[in-house]
Amino acid sequence: MKNKIKSNPQDIYAWCCDYEDYRGEGRLARCFVEYVIKKKKINFYIKTPYYFSRIDKNNINNFKIKNKKKINLSLAGKYASPLVGILWLWKNFFLSRKIAYINFNPLWNIFVFICSPPGTIFGPITGSIYDGNVRNISQFIRAFLFPFLFKISLYFLKIRKNKLLFSTSLLKKVIPKYFFNNCIFDFQIIYYNSILKKNSSIKKNIDLIYYNRDHHQKQNVTTLKILKFLSNQNEFKKIVIGNNLLLKNYYNSEIVEHKKLLFLLSKSKYTFFSPENHLSMFLLEALSADVKIFIDNKNKEILKYFEKSNFIFLDFTNEKKLLKKILFYLNVNFKMRKTKLKKNILNNINNKINHYLDEF
């Protein structure tokens, strides 16, 4: 890096496995870094597998994408980069610098929480509890091995005496009572609030938008059946972002930068809820753009955060009835409504995160 600005002792040297704005992990990292900079008035030196850059209040929104666009990282990107990152953090630890490990830190990744240097600040921790059927080795690992790894990670995090920041509240059930007061949940609400102000009212001419990810956790069988059925409905304009969906009459936009994604959502009317994460990036982005969400009745826990107006709760167990309902909504005149956070949700989370930031 050619920038010769001297670092301040309060500046943070942070490893990010991903800092690109077209993937959820990258957007989460960016939101976290921007939030800390604004709150603490400090600078970050961001190291990724591809580049090293200084980020401060003057260039916080001008950080350019520098990596080749791929929605799914390679095996090396997923599993080798955390190792490289921890070694880089140890180097900076011995240089007496403040250090942080920002993303790719799901609670099952005991390696990160055991091997990171003392004093490491961890960004939002991710993960979920698997409660589905066990039909393959991946589901077996999630159902039986991950809970054991969660306990190991929490044990070492307790030794570190860190306050923990979680991206959602999906892992609340695995947090021991003695450690619960050290945990802050639902950082994703901060992300939602950060993008809410950036959208303007645009005429909606895309009937359906769908985020497709070739990942076993990101695909819902019932939703895919509905999309296949709708492929024969030529009267609707349908767009797919992410991995290509090989169905006729769908326009595949593939990987798009964040600014373009928000623009496409602002022109879209409907999308589907992704059940693996009730506060997923795509859901929050859709809500911020006043997109209406088709969602299963069993996922009404989302209402603890938001007012009901843009959620359309349906019975996903009855496919024939479900298809009729969705066709009905696609055919009626779309009425714009704003989705609002429930009272005090944002203030409560902000206040809790301020305690987390005391460690910086």
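Details
- In the stretch 318-357, of all residues being without any contact (Cβ under 8 Å) to a residue 12 or more places away in the chain and assigned to a loop (DSSP other than H, G, I, E, B), the one that is farthest from Lys237 (Cα to Cα) corresponds to Asn344.
- The residue that is surrounded by the fewest Cβ atoms within 10 Å (Cβ to Cβ), counting only those in the stretch 265-286 that are over 19 Å from the mean Cα position of the chain (by Cα) and of a type in the set (D, E, K, R), is Lys267.
- Cβ-Cβ contacts under 9 Å between residues 6 or more apart (or on different chains), taken from a first residue in the stretch 264-283 that is in contact (Cβ under 8 Å) with a residue 40 or more places away in the chain and in the same structural domain as Phe306 (by TED's automatic domain parsing) to a second residue that is in a strand (DSSP E or B) and among the polar types (S, T, N, Q), are listed as Leu264/Ser253; Leu265/Thr271; Asn277/Thr126; Phe282/Thr271.
- Filtered by the rule that a residue be farther than 17 Å from Ile326 by Cβ and either among the hydrophobic types (A, V, I, L, M, F, W, C) or surrounded by 17 or more Cβ atoms within 10 Å (Cβ to Cβ) (or both), the stretch 287-307 gives Leu287, Ser288, Ala289, Asp290, Ile302, Leu303, Tyr305, Phe306.
Okay, residues lined up against (1) surrounded by fewer than 17 Cβ atoms within 10 Å (Cβ to Cβ); (2) part of a loop (DSSP other than H, G, I, E, B); (3) assigned by TED's automatic domain parsing to the domain that holds Phe32:
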{"residue": "Asn103", "(1), (2), (3)": "no, yes, yes"}
{"residue": "Val112", "(1), (2), (3)": "no, no, yes"}
{"residue": "Gly119", "(1), (2), (3)": "yes, yes, yes"}
{"residue": "Phe148", "(1), (2), (3)": "yes, no, yes"}
{"residue": "Lys158", "(1), (2), (3)": "yes, no, yes"}
{"residue": "Thr168", "(1), (2), (3)": "no, yes, yes"}
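- Sole exception among (1) of a type outside the set (Ser, Thr, Tyr); (2) at pLDDT 90 or above; (3) closer than 29 Å to Phe185 by Cβ; (4) in contact with a Phe, Trp or Tyr (Cβ under 9 Å, 6 or more places away or on another chain) for His258, by number: (2)
- The residues of the stretch 238-264 that are surrounded by 19 or more Cβ atoms within 10 Å (Cβ to Cβ) and of a type outside the set (A, V, I, L, M, F, W, C), listed by number, are Lys238, Gly242, Tyr250, His258.
- Selected residue (only one of Ile152, Ile141, Ile129 is outside the structural domain of Met281 (by TED's automatic domain parsing), surrounded by 14 or more Cβ atoms within 10 Å (Cβ to Cβ) and under 22 Å from Leu28 (Cα atoms)): Ile129
The values are calculated or read from the model by the stated rules, or taken from the named source; none is laboratory data. Because the structure is predicted, anything quoted here is derived from the model rather than measured. In this analysis, Cβ positions are derived from the backbone assuming ideal geometry, glycine residues included, and neighbour counts consider all displayed protein chains.
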